[in-house]
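Nothing in this text is a laboratory measurement; each read-out follows from the coordinates by a stated rule. Remember, predicted model here, so these are calculated numbers, not experimental data. Every residue, glycine as well, gets a Cβ built from its backbone with ideal geometry; the counts of neighbours run over all protein chains shown.
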Amino acid sequence: MTETYPGGRVGKSDPRYDTLIRGFNLRWVGKPKYIEVCGDAEQVKRTVQQAVDGNLRITVRSGGHCYENFAVGNDGGVIVDMAPMNRVYYDGERQAYCIEAGATLWNVIWNLYKEYGKAIPGGSCYSVGAGGHITGGGYGLLSRKHGLIVDWLDAVEIVCVDANRRAHVVIAERDGKHADLLWANQGGGGGNFGIVTRFWFKELPNAPSEAHLVNLAWNWSDITEKQFRLLVELYGTFFREHSGVDSPYDGLFALLHLTHKTASQIVLTAQYVGDELRRLDEFVAFMSHAQLPDPVPQVYAVGRHHLPARTNEIQRLPWLYATQTLDGSGPNQRGKYKSAYMREPFPKHQIDTMWKFLSDDFDNPQALLQVDSYGCRINAVPSDRTAVPQRSSILKLQYQTYWTTEAETEKNLRWINDFYVAMYGERGPQPDGTMDGCYVNYPDMDLKDWEHLYYLDNYPRLQKVKGEWDPHDVFHHGQSVRVG
């Protein structure tokens, strides 16, 4: 283990305090008694024990990207900051690759690639912390080819608090000691059962040597409602047909950015890794339908992603550089997010609703519905093997809106909430053959049935693990697993 981080405790008089009480989403500002910046599991254990003894609430932050107020929203308590625990290395004792919980995804991608030629099928936002990303399930541009990151997870080191209110460092292993606790951390969400400090993977996918990228954009000024419907239908149809477990298109991952019209362009980005480049050509040809306007180069950034090269031509890049090209988190702003999984393409009424809200008078070019491809090897895993139950989806949706000032908050929340309710009703995207619930790593406090929408039939088992490993509910937030 590393030595305890020397600058650990950050109180209100420390110049770092005003920064460390904030996260990626600037809507949330905490008022903790102090922040403890931890360098190893023993320091985390001591910090947790001191907080428990002092009846102080504990929240944890690795990258600070929690969309809701779960990490920094801690008035009078202790925020445990994992930033110094950022190593990525091969653990010879356990014969496994180790990722510490405070590492950001770019740390992980860069080090695994350069030192070992390995990759994780994880996220596309460079500053997201490994601790939250992995415990919540974690997916990315390699997931159709290699599954979710938790499908590769073999063990975790986690600080838990027992029935006697004593903090312990526990190793939970797949098919071994404390396997139930590992299972819960394979998609059960962060801040539920304890504080994970390290993750171990005995195997990881070999990193691709190169990737091919393409960007297609359609100007809002050129597209009609009928053409918008066709574009969305084409996208859904393609991935309904090509998201099977053994699909030859598993190396293809696409992101359709259905922006508000004030963003000027709808943008489709796709990456292909593999030996059959014609698969990307076929996808481009399928999406370049004769009844659609000709796609044009992207000239405006969308969402939190960087602006790629302004061309419709397929670009061939070293995989690490391609990943860096797409690896955007965007500036720190205020934001609101919602999610949904889809097992079938969009029904007509939902496409009509999209058109209505994306072409209305709401004036925000940073508002969008991002539709990611899904399926393939993700769906090769049974729904109860990990805590992530959505193993039959073909698309994964993220509703997003970003803004700068507090004065803009109400109108942005109203727009995204009205959009979501118009799509799914008050109960959200209930599993019904077309929809399949929501993604816990895109938490949404508006959900009335979040336990079912996030976890489906896995929730009772998560409650059982919670009761065993955190019986006093020391680790809790607005949507944490309840003690069963």
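Descriptive notes on the structure:
- The stretch 210-456: Rg to Rh, with Rh as the Kirkwood radius over Cα pairs: 0.94
- Global size of the chain as Cα Rg and Dmax, reported in angstrom: 21.8, 68
- For Lys12, the lysines whose Cα comes closer than 16 Å to its Cα, not counting residues fewer than 8 places off in the same chain, are Lys31, Lys33.
- Alpha carbon convex hull of the stretch 88-206, volume per residue in cubic angstrom: 95
- For the stretch 10-81, a crude dipole built from +1 on the beta carbon of Lys and Arg and -1 on the beta carbon of Asp and Glu, taken about the Cα centre, is about 180 debye to the nearest 20.
- Counting only Cβ charges, +1 for Lys and Arg and -1 for Asp and Glu, the dipole size of the chain around its Cα centre is about 600 debye.
- Using a cutoff of 8 angstrom between alpha carbon atoms and counting only pairs six or more residues apart, the relative contact order for the stretch 138-280 works out to 24 percent.
- Binned Cα-Cα distance frequencies in the stretch 262-391 - 5 Å width, integer %: 2, 7, 13, 18, 20, 19, 14, 6, 2, 0
- Ranked by the mean number of other Cβ atoms within 10 Å per residue, highest first, peptides 69-77, 250-258, 110-118 order as 250-258, 69-77, 110-118.
- Amide hydrogen proximity for His65: with H placed 1.01 Å from N in the peptide plane, the residues at 5 or more positions away or on another chain lying under 5 Å are Phe24, Gly129.
- Top positive-direction residue, dipole computed over the chain with Cβ charges, set Tyr341, Met82, Tyr235: Met82
- Whole-angstrom gap from the stretch 432-448 to the stretch 249-292, using each part's C-alpha centre: 25
- The alpha carbon convex hull volume per residue for the stretch 18-133 rounds to 101 Å³.
- Our estimate of slack between Asp162 and Arg94, defined as 0.36 nm per intervening residue step minus the Cα-Cα distance, is 21.9 nm.
- Computed helical MRE - 222 nm, the chain, DSSP H runs ≥ 4 contributing -39500 (n - 2.57), nearest 500: -7000 deg cm²/dmol
- Whole-Hz Karplus values for the stretch 27-34 come out as 5, 10, 9, x, 9, x, 5, 6 Hz, taken residue by residue from phi with 6.51 cos²θ - 1.76 cosθ + 1.60 and θ = phi - 60°; glycine and proline positions read x.
- Model label points for Arg414 and Glu203, set 7 angstrom from Cα along the Cα-to-Cβ axis, are 5.5 nm apart.
- Per-q log10 I(q)/I(0), the stretch 10-81, q = 0.13, 0.14, 0.22 Å⁻¹ (Debye; single scatterer per alpha-carbon; no solvent): -0.32, -0.37, -0.92
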